[in-house]
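Computed from the coordinates by the stated procedures, all read-outs in this text should not be read as laboratory data. Being a predicted model, the structure only gives us computed values, none of them experimental. Note that we place each Cβ from the backbone using ideal geometry, even for glycine, and neighbour counts take in every protein chain shown.
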Amino acid sequence: MKKHLVVTLFIAAAVIILAVAPVSAVVQEIVFRGTMVSMNQSAGTITVNAGYTYGCTFANNTSACSWNPATPENLTGTVPDPAVFTVLKAGDPVVATSMGGSGGTWIGVAKVFPTPGIENWLATDIIGDPDSLPVNLAADYYFVYSTTPECGNCTGSVCNALSAAVTLNSTDLTVLQKTLGRGEKVVYNRRNDNSSVIITFVQGQGLAEKCPGKAGMVGLQPVSTFIIHVNQGLAAPAPTVTPLITPATPAVTAMITTPPSKVPVTTIPTTKAAGSILLPCCALGIFGLFIAARKF
């Protein structure tokens with residue numbers, strides 16, 4: 001009888017731990033480079049003929065990322081925003097990132113052009129999440145953003161974004177800093193080469209761990225949608241820019257700042273276990289049950 005009770009306690013403990021310890025995972029993102037094949041506006045999908053995938057290897061605490069040839073295949077997925085249908089056309093070279101597997105859902109699409117001397121082609125247009133795309137903007141512009149979560153509107157590890165703080169650099173100077181609400185846009189056109197950048201924040205998500213009482217929460221990565229267009233203007237070897245901040249202030253020099261959970265890789269997704277304060281309580285409860293069992 002005592003032996004059967006102990007076995008029963010073990011089973012009950014396992015069930016309790018599984019019930020109170022939520023497991024969350026970073027959903028896999030796969031980045032492709034290829035050519036736009038077709039668009040189905042009524043279905044909200046595009047088809048990309050993908051001939052390259054973007055991947056990173058890690059060794060000695062450093063990473064090396066590059067484009068790798070792949071067997072060409074047509075991949076169809078939903079678009080991040082209908083603006084794709086007005087910006088792109090069949091035959092355009094694109095970089096596109098799918099979430100959760102090949103095709104299915106495109107979370108970022110960039111219209112790129114072959115750029116001599118660099119492997120990562122430059123983009124004149126981005127629709128979707130810039131953080132998901134390993135491309136820089138054309139005409140020496142660089143873009144980064146961060147979102148502010150709406151803490152009363154969260155699901156798991158992500159919340160709807162109240163706003164997005166955007167930063168635009170021209171060469172090595174920050175020329176624009178602006179906080180955009182959903183649906184708002186900003187235009188920068190103060191360089192002397194007639195170039196300009198239009199940035200629209202469509203909608204987005206923020207990390208729940210930024211909210212009170214949710215520090216340390218991990219889970220699905222947030223995804224935001226922007227529409228960014230670069231008008232390259234006239235070619236200018238050394239464009240004059242009007243800085244927003246003084247040169248002494250450190251400027252952002254990379255278009256994409258990718259947190260560890262969002263590095264685009266072609267390997268399987270990384271699974272993370274979320275901590276819970278209930279686990280220590282379960283352990284104490286199980287210990288108490290074992291003490292009680294010994295009295296039988």
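At a 10 angstrom cut-off on C-beta neighbours, averaged per residue, how do the peptides 78-86, 202-210, 221-229, 113-121 rank from highest to lowest? Intermediate values should be presented prior to the final figure.
Details: 78-86: 18.4, 202-210: 20.3, 221-229: 22.3, 113-121: 11.4.
The peptides rank, most packed first, as 221-229, 202-210, 78-86, 113-121.
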Query raised in the report: Could you give the nm distance between label points at PHE85 and LEU234, where each point is 7 Å from its Cα heading toward the beta carbon?
Result: 3.8 nm
Requested in this report: Using packing as a proxy for protection, rank 48-61, 97-110 so that the peptide with the highest average count of other Cβ atoms within 10 Å comes first.
Outcome: 97-110, 48-61
Report task. Would you kindly state how much longer the chain becomes between THR57 and THR155 on full extension, computed as 0.36 nm times their sequence separation minus their alpha carbon distance, in nm to one decimal? Result -> 32.1 nm
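On a 29 Å Cα-Cα criterion, which of the cross-link pairs LYS89/LYS185; LYS185/LYS210; LYS111/LYS210; LYS89/LYS210 come out too long? Write out the running numbers ahead of the final one.
Values: LYS89/LYS185 24 Å; LYS185/LYS210 25 Å; LYS111/LYS210 33 Å; LYS89/LYS210 39 Å.
Long pairs (Cα-Cα over 29 Å): LYS111/LYS210; LYS89/LYS210.
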